[in-house]
1. Looking only at residues that are farther than 16 Å from Gly179 by Cβ and polar (S, T, N, Q) in segment 50-109, which one is modelled with the lowest pLDDT?
2. Looking only at segment 49-72, how many residues end up being in a helix (DSSP H, G or I) and either surrounded by 11 or more Cβ atoms within 10 Å (Cβ to Cβ) or in the same structural domain as Lys295 (by the TED database) (or both)?
3. Please work out which residue is nearest to Gly248 (Cα to Cα), limiting yourself to segment 372-394 and to residues that are surrounded by 18 or more Cβ atoms within 10 Å (Cβ to Cβ) and of a type outside the set (A, V, I, L, M).
4. Would you mind stating whether Arg407 is open to solvent by less than 20 Å² (accessible area, probe 1.4 Å) and basic (Lys, Arg)?
5. What tally of residues in segment 130-152 results from selecting those that are under 15 Å from Leu203 (Cβ atoms) and either touching a His at 6+ places or on another chain (Cβ under 9 Å) or open to solvent by less than 10 Å² (accessible area, probe 1.4 Å) (or both)?
6. On the basis of being assigned to a helix (DSSP H, G or I) and open to solvent by 30 Å² or more (accessible area, probe 1.4 Å), does Asn359 make the cut?
7. Inside segment 166-183, can you point out the residues that are open to solvent by 40 Å² or more (accessible area, probe 1.4 Å) and closer than 25 Å to Gly42 by Cβ?
Amino acid sequence: RFCVPLMLAAVPAMATGEEIPSALQDSWGDFWLFRFLINAAGYASIVVPGFLLIQYFKRRNYLETGRGICFPVIKSCVFGSEVKSVHPEDGSLPPRAEPAESSTARQVLKLLFCAAGLQASYLTWGVLQERVMTRTYGATETDPGEKFKDSQFLVFMNRILAFTVAGLYCALTKQPRHGAAMYKYSFASLSNILSSWCQYEALKYISFPTQVLAKASKVIPVMMMGKLVSRKSYEYWEYLTAALISVGVSMFLLSSAPNRHVSTVTTFSGVVLLAGYIVFDSFTSNWQDALFTYKMSPVQMMFGVNVFSCLFTVGSLLEQGALLESLHFMARHSEFTAHAVLLSVCSACGQLFIFYTINQFGAAVFTIIMTLRQAFAILLSCLIYGHTVTVVGGLGVAVVFMALFLRVYARSRMKKRSKKLPPGETPVQKV
């Protein structure tokens with residue numbers, strides 16, 4: 001679709017012996033939609049052959065007729081054991097470990113360790129994310145420096161380290177017997193890659209506080225995806241808090257002062273990318289929730305998703321020639337190398353802290369910690385990078401976080417009530 005107009009535009013230039021201006025090529029290369037389509041084409045070059053192979057093995061009834069050394073690999077990738085857990089919750093999270101000693105001081109220390117680990121990992125990750133995507137490297141008095149532009153390479157860096165950490169953890173610890181067909185992870189992997197890419201790319205057009213607040217409002221599309229993908233139903237307070245979050249985000253976005261710095265102005269491209277992030281991320285969480293009906297641990301989920309994420313991103317980077325270009329950028333700027341590596345370390349460690357916190361203290365405590373992290377991230381970004389927030393915008397932020405805490409409180413009350421329900425009744429599923 002994009003190649004045909006470029007070829008037609010190039011015909012007069014080739015007829016007169018002139019070259020296409022490099023500025024035109026750069027403008028196409030810098031356009032986020034063009035890069036998105038190029039990345040999608042790279043993923044399709046892996047997804048389509050994989051889909052055809054899966055269909056081929058299923059049509060041949062390979063599970064019954066297959067033999068040889070490749071049979072276990074193909075069986076695991078295409079068919080799996082197809083044995084689901086009787087209770088969906090059984091595989092989603094490991095049972096919370098009850099402490100051997102009910103020492104309050106010990107539990108407080110554990111909670112502080114989890115909170116500090118989550119805050120340090122994700123606050124550092126957020127600061128580095130904004131630094132990498134919005135600032136230049138190698139700037140001197142005579143040279144303005146250059147920006148790193150390839151968001152997909154950062155996604156690849158994050159996923160390769162997360163894949164390594166999850167693989168080592170699964171190899172060194174006892175995990176449940178795996179039952180899901182491996183290809184089913186590819187759906188969550190693809191949406192996860194696209195959501196991460198949109199998240200990095202959006203920082204070129206909007207401020208980090210705007211991005212954080214928009215991410216806090218993703219409960220709305222998550223509920224919509226839950227209805228479409230998992231046929232979930234929701235309570236009235238969930239709709240109420242979703243509406244409050246929408247109001248708060250709207251107040252923040254509409255309160256942009258006219259004299260704000262150019263880099264913090266919310267643009268149409270930034271809004272579209274944020275919408276893409278929220279939609280893709282909502283699908284990821286709901287698809288993973290459906291996969292957890294197979295008996296698996298969160299670390300196995302982390303490993304399976306990141307296997308395909310590494311495959312998709314490295315394949316697309318190699319096809320575009322962007323992998324070598326990004327490695328050359330790392331060689332030119334050692335500061336960027338340190339930032340990219342630390343970004344990946346924070347992302348991988350943050351995921352492990354998530355699993356440990358939920359296992360020790362439950363989802364409600366984890367949600368409170370992460371909600372506070374979002375508030376701290378906005379404050380930290382404003383202090384370091386000089387973003388301004390108006391009074392109306394500050395009220396919008398307060399409304400959003402008030403709604404988030406209200407959700408946590410209402411959900412905890414619902415869980416307590418569900419424990420008192422008669423054996424035949426089941427509580428309503430939640431986001």
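The values are calculated or read from the model by the stated rules, or taken from the named source; none is laboratory data. What you see is a predicted model, and the numbers here were worked out from it, not measured in a lab. Here Cβ is always computed from backbone atoms with ideal geometry, including for glycine, and neighbour counts include all displayed protein chains. Each accessible area value is taken on the protein alone, full model and side chains, heavy atoms only, with ligands, DNA and RNA left out. Shrake-Rupley method; radii C 1.70, N 1.55, O 1.52, S 1.80 Å.
1. Ser102
2. 11
3. Here the residue is Gly393.
4. yes
5. Counting residues in segment 130-152 that are under 15 Å from Leu203 (Cβ atoms) and either touching a His at 6+ places or on another chain (Cβ under 9 Å) or open to solvent by less than 10 Å² (accessible area, probe 1.4 Å) (or both) gives 7.
6. Criteria met by Asn359.
7. Hit for segment 166-183 is Tyr183, nothing else.
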